[in-house]
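Taking it in order: structure first as structure tokens, then the write-up.
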Amino acid sequence: KSILVRAVPFALIYFLMTIYYRIDTVMIEQMLSNGAVESGLYAQSYRIMESVNNIGYIVAGVLLPLFAYRLGQIELIQQILRQGFGLMYTMIIPIVIGGIVFAKEITFTLYPNEDPTYSSEIFSVLLLNFIPVGLLYVLGPLLTAKKSFKVMIPSLIIASLMNIAINYFLIPQYGALGASIATISTQIFMLLIYSIAVFHLFELKIQFKFILQSISFLMVVFVMNYLLHQTGIFWLFALAISGLSSLVVAYLLKIISKETLDLKIH
């Protein structure tokens, strides 16, 4: 009985996350006359984003015990957060930027029978979700370790209602693209709430140097992918080159270090 009682908040969190992760497809099918077609277009792009999300699952699984073990040590918590953000950001940005720059090529290769222009628009917006989602995989484990259910559960309820409301207004006009916009709006809202909660609960300070390094990294990766796109190289090779080069750039900008890759805490 005690185990079931303690498990309820975690089950509720998972249930609420499932609502705003999955309700989009249901609403597309029910609200549009060509719902099956639009839902299929949405699902094919969402499938790619979900496969990328496995990276976040792995990092979150590593961070959760690290946070739980050091909850009372604020300096170490900030260090773990810094390393977790650096690691996640280094993986997120090349995937998202590269995916958006080569969106048409990727969607045409995977789904040659679909309109690459419309499909790539849906794909690009959904792929942008990986930025807030990836960062939530760093903040979420910390709030979970802290058992901050008074923050997590109400914010997830609001996010679920918000997602349904935005979908209700955007899907009739924009179809699957509207559902994509609803998804990223919800994820940005959750990232904002979780960020405020983490900074408040752990009295953390904003690291402006790290923000500047992150912006510089994003700009370099974008330029690199744009130039690779201009060469006409096959998108798979371009993404591989971009990914490997991005690791070097992240290391030079000190977003990641040897300690980051090992998640070592001093």
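None of the figures in this text is laboratory data; all of them are computed from the coordinates on show. Just so it is clear, the structure is predicted and the values come from calculations on it, not from any experiment.
By the combined test of axial Cα extent (at least 30 Å) and Kyte-Doolittle hydropathy (mean at least -0.5), the qualifying DSSP H helices of the chain come to 2-31, 35-69, 74-101, 149-174, 176-202, 208-231. In terms of distances greater than 30 angstrom between alpha carbons, the cross-link table entries K1/K147; K1/K150; K1/K146; K147/K254 yield K147/K254. Going by Cα centres, the range 205-256 and the range 50-98 are how many Å apart? After rounding, the separation between the Cα centres reads 18 Å. Helices in the chain, meaning DSSP H runs of at least 4 residues, each add -39500 (n - 2.57). Divided by all residues, the mean residue ellipticity at 222 nm is -30000 deg cm²/dmol.
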